[in-house]
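Undergrad: I'd like to ask you about the structure that follows.
The values are calculated or read from the model by the stated rules, or taken from the named source; none is laboratory data. Remember, predicted model here, so these are calculated numbers, not experimental data. All Cβ positions, glycine included, derive from the backbone under ideal geometry; neighbour counts span all protein chains shown. For accessibility, only protein heavy atoms count, side chains too; no ligands or nucleic acids. Shrake-Rupley method; radii C 1.70, N 1.55, O 1.52, S 1.80 Å.
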Amino acid sequence: MEAGDDPAVVAKVIVTAATERRPKVRCTAGPPASRATPARRLAPAGRFDKQIRENSRLPA
């Protein structure tokens, strides 16, 4: 992805999640992911995941 987050930001979140005693099910990395958090809470899981796949240009 050309407009993705800095790899260092993502790596830091991965290391934090991997070393936490009780990691969260989903972790956000960077501003775009943080802005999507309220939508994840309000939208049905299937619809939210479909939108993420479409925005990321991933297969359905």
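Undergrad: Cα atoms only, the chain: Rg and Dmax in Å?
TA: Using the Cα atoms of the chain, the pair Rg, Dmax is 12.7, 33 Å.
Undergrad: Only loop residues by DSSP count here, and only those with at most 16 other Cβ atoms within 10 Å; note down the trypsin sites (Lys or Arg not before Pro) in region 17-60 that meet that.
TA: Those that pass, being in a loop and sparsely packed, are R21, K24, R26, R57.
Undergrad: In the chain, carbon and sulfur make up what percent of the accessible area (probe 1.4 Å)?
TA: Within the chain, the accessible surface is 57 percent carbon and sulfur.
Undergrad: Another question, then. Taking 0.36 nm per residue of separation and subtracting the Cα-Cα distance, what length does fully extending R41 through A11 add?
TA: 8.3 nm
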